[in-house]
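Structure first, then comments.
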Amino acid sequence: MVGLAGAYDIAHHFRHEALRGVEWASAMWRVMGGHAHFERFSPLRLAHRLLQLTSARNSNNSNISNSNSNSSNSNDVMAAPLLVLPHVCFTLVHGLGDIVVPVASTLLFAHALHALLGSTRVHVRTVDANHAEVMLALHHGSAVPCTREVRAIVSRTHAALQMGHRGQCL
């Protein structure tokens, strides 16, 4: 999975927008269905919840295996990504000149993913670009300066997946 200049913590990003005085122009809160849903839709927050769930499951393994299989709880729903994530690698690309979404957003998300998946499946690649340049680099006919570099990063990641190196992001 490739992330490009992502705002991985929606609440934190909305505060960043407010500090810049552009939160009124942002579609963030409208797209997310309001502030109340920021945590639910934030990849960073989801990674933290999955890490907590993983830790709880590991420490209470015997309790979970002895639990009633007919019972349903929110942890069962949250556990579904744990079946898929061990087979996914993440390459997160961010521009060093990005003031729209600071590179810290990607670094914090990468840190959470490292804790959840291990460092071999999470890689951060920075490029000398701003937010718009990173976002436009994959568009057909793009002529932004970082186009070749971003496309090469994505191509290497895709090639690794095609070759069956699911645990490695190149």
With a ≥ b ≥ c from the Cα gyration tensor eigenvalues, square-rooted, and the rule rounded for a/c under 1.5, otherwise prolate when a/b > b/c and oblate otherwise, the range 93-143 is prolate
In terms of modelled amide H atoms, which long-range or inter-chain residues lie less than 5 Å from the amide H of residue 4? 93
Would you kindly derive the ³J(HN,Hα) couplings of the range 31-44 from the backbone phi angles with the Karplus curve 6.51 cos²θ - 1.76 cosθ + 1.60 (θ = phi - 60°), listing them in order in whole Hz, with x for Gly and Pro? 5, 7, x, x, 4, 4, 9, 4, 5, 4, 9, 8, x, 5
Would you please put 9-20, 89-100 in order of how densely packed they are, using the mean number of other Cβ atoms within 10 angstrom per residue and starting with the highest? 89-100, 9-20
Whole-Hz Karplus couplings 3J(HN,Hα) for the range 119-126, θ = phi - 60° and coefficients 6.51, -1.76, 1.60, Gly and Pro as x, run 6, 6, 10, 9, 9, 10, 10, 9
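The numbers here are math on the coordinates, done by the rules we state, and not lab data. Source: prediction; values computed, not measured. Positions of Cβ are backbone-derived with ideal geometry, glycine not excepted, and every protein chain shown enters the neighbour counts.
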